[in-house]
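Data first, discussion second: the structure below is written as structure tokens.
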Amino acid sequence: MGTIVNLDQVQAICVAGNWRQGGGDRYATLYPATGEAVTHLHAASLADVEEAIQGADRAFRTSGWAQRKPHERAAVLYRVAQLIRERSEELAQLQRLDNGKPITETRNLVASAAGTFQFFAAACETLEETITPTRGDHLSMSVYEPMGVVAAITPWNSPIASEAQKMAPALAAGNAVVVKPAEVTPLLALELAKICEQAGVPRGLISVLPGKGSVIGDAITLHPLVRRVSFTGGTTTGKHIAHIAADKMMPVSLELGGKSPTMVFDDADIDHAVAGVLYGIFSSSGESCIAGSRLFVAHGIYDSFMERLATGAARLRVGDPADDKTQMGPLITARHRETIESYVALGVEEGGRLRTGGMRPQGAAYERGNYYLPTIIEGVNNGQRICQEEIFGPVLVAMPFDNEADLIAQANDSVYALAAGIWTRDYKKAWRFGRAVQAGNVWINTYKQFSIATPFGGWRDSGLGREKGRLGILQYMEQKAMYWGMNELPLPWAGVEMM
Ligand code: NAD
């Protein structure tokens, strides 16, 4: 095993502003392309969790962060965005090592993190509190307050972007944040915390606690001083967190899994649709909550479309994430690849036919990494497990459809409702289906495009609440009504006014 970063030094974690070795088990983070250790660190311990949350609470009460004027907090967040941009290539390379995504994708994630801090700085500066219509001789207002200590729990598939999406609005709102990154990808959250401190976020306001979700994540969620959890991850974990939140009467936002339908009509621009469907499922190696993983193609064009799609999938450049030309890197872990392989085997058992892929790529370049080929399965029906369960890998199931009623019924027949794609030149049809499909996000003649200004989230088992958008900052604030008496008279109570 070669040294990629610096294996002689144990990576410190951040416990209430103290950068030190975690109190938990030592482990190595691995580069998914080669299996080499990127760095060593000690996970957080339960004592670290306690210290981090107590420290966050203290920093919230005493650092003055919450009392700073919005434009002053915003200035610090703008500086965070600037520092991310100054270090963007270094961060993108570290992210590539941390989770094996192709460098072109990690550059985008880093840019997105900078944009998120910039956006929430602006949201903080421009957030308005309202004077509401009065029903008496008083002034009535609606104002917002920070919550105190909030937690951000993130998955391994888009580090830095996921953490920024939670940390930026939480800090903008005046809170302290305890971040629990995925155990296998802790490095970017740690870097982001360093950048925040360097930009002027008071020490102690941010902690980053890598470790097992069932231990560290659970302890954070259960802690009485944690007033809100913003979670991105699997639906099973999300439901578990929701149960704890119900007991604590704690607001949560849950960004969960998906099994998103993409619909290609016979009047679609086929070149665009082929490229869009390939990008929708195979970018990020399919390790994407919004992956367009269930494809429905109009019967009349099914054969010709699938021919082009399968050829396109087989031509995708799978390989070294450091190469600018790579389109699909390795999967996150060897274990995750096994899960995907067992799903492909299940699809075949259920009667599916492999149109392309269904195996690991061959050759020396792939031997040490967790690579898997872009895979398309046909001959299945929407009710089968392969079409209903989230695989979270480069596996597309494809089905023909006959008519509109049948299509929309199948597209909506899922416990998930995160995203959907529609490919047609007919704008009336696009409108009809765009409104009828049950999903938090709909892309028409495009896919996987985002704006930080547009709220994001899922329906049903895909989640609760929304992130991003100008009002995303309000998720991290409590709303308060204030009434100011505006006359000299006492309230007409118990005859007081007669005295
Ligand atoms: P996961 O649920 O296993 O883990 C997510 C995070 O939660 C990790 O930090 C993990 O350590 C932590 N965790 C695990 N158990 C916990 C517990 N009991 N209490 C508190 N925290 C706990 O998910 P994953 O495998 O890391 O990520 C893949 C999943 O994330 C997929 O289902 C994917 O669809 C989903 N995802 C959703 C979005 C979205 O925005 N909707 C984005 C990315 C990923």
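The values are calculated or read from the model by the stated rules, or taken from the named source; none is laboratory data. None of these values were measured; they are calculated from a predicted model. Cβ sites come from the backbone with ideal geometry, for glycine too, and all protein chains shown count toward neighbours.
Structural remarks
- Region 321-355: number of residues that are of a type in the set (D, E, K, R) and crowded, with 19+ Cβ neighbours inside 10 Å: 2
Condition check ((1) crowded, with 24+ Cβ neighbours inside 10 Å; (2) within 16 Å of the ligand (Cβ to nearest atom); (3) in the same structural domain as Leu46 (by TED's automatic domain parsing); (4) of a type in the set (D, E, K, R)) across all residues:
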{"position": "Lys180", "(1), (2), (3), (4)": "yes, yes, yes, yes"}
{"position": "Glu183", "(1), (2), (3), (4)": "no, yes, yes, yes"}
{"position": "Lys194", "(1), (2), (3), (4)": "no, no, yes, yes"}
{"position": "Ala199", "(1), (2), (3), (4)": "no, no, yes, no"}
{"position": "Leu205", "(1), (2), (3), (4)": "yes, no, yes, no"}
{"position": "Leu209", "(1), (2), (3), (4)": "yes, yes, yes, no"}
{"position": "Gly213", "(1), (2), (3), (4)": "no, yes, yes, no"}
{"position": "Leu222", "(1), (2), (3), (4)": "no, yes, yes, no"}
{"position": "Val229", "(1), (2), (3), (4)": "yes, yes, yes, no"}
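- When every residue of region 391-414 is checked against the conditions, none turns out to be at pLDDT 95 or above, outside the structural domain of Thr236 (by TED's automatic domain parsing), more than 27 Å from Gly351 (Cα to Cα) and among the small types (Gly, Ala, Ser).
- Residue within region 96-110 that is in contact (Cβ under 8 Å) with a residue 60 or more places away in the chain, of a type in the set (Gly, Ala, Ser) and within 30 Å of Gln327 (Cβ to Cβ) present: yes
- No other residue among Ile391, Ile386 is in contact with a Ser or Thr (Cβ under 7 Å, 6 or more places away or on another chain) and touching a residue at least 40 places away in the same chain (Cβ under 8 Å) apart from Ile391.
- Residue match in region 301-323 (condition: among the aromatic types (Phe, Trp, Tyr), touching a residue at least 40 places away in the same chain (Cβ under 8 Å), farther than 30 Å from Gln95 by Cβ and touching a Pro at 6+ places or on another chain (Cβ under 6 Å)): yes
- Close pairs (7 angstrom Cβ cut-off, 6 or more residues apart or separate chains): in the same structural domain as Thr375 (by TED's automatic domain parsing) in region 331-342, of a type in the set (Asp, Glu) anywhere: Leu331/Glu287; Ile332/Glu287
- Scope region 246-280; condition within 16 Å of the ligand (Cβ to nearest atom), part of a helix (DSSP H, G or I) and touching a Phe, Trp or Tyr at 6+ places or on another chain (Cβ under 9 Å); matching residues: Gly280
- Residue check for Ser285: at pLDDT 95 or above, within 16 Å of the ligand (Cβ to nearest atom), buried (at least 24 other Cβ atoms within 10 Å of the Cβ) and assigned to a helix (DSSP H, G or I): yes
- Matching residues, region 104-137, being surrounded by fewer than 13 Cβ atoms within 10 Å (Cβ to Cβ) and of a type outside the set (Val, Ile, Thr): Glu128, Glu129, Pro133, Arg135, Gly136, Asp137
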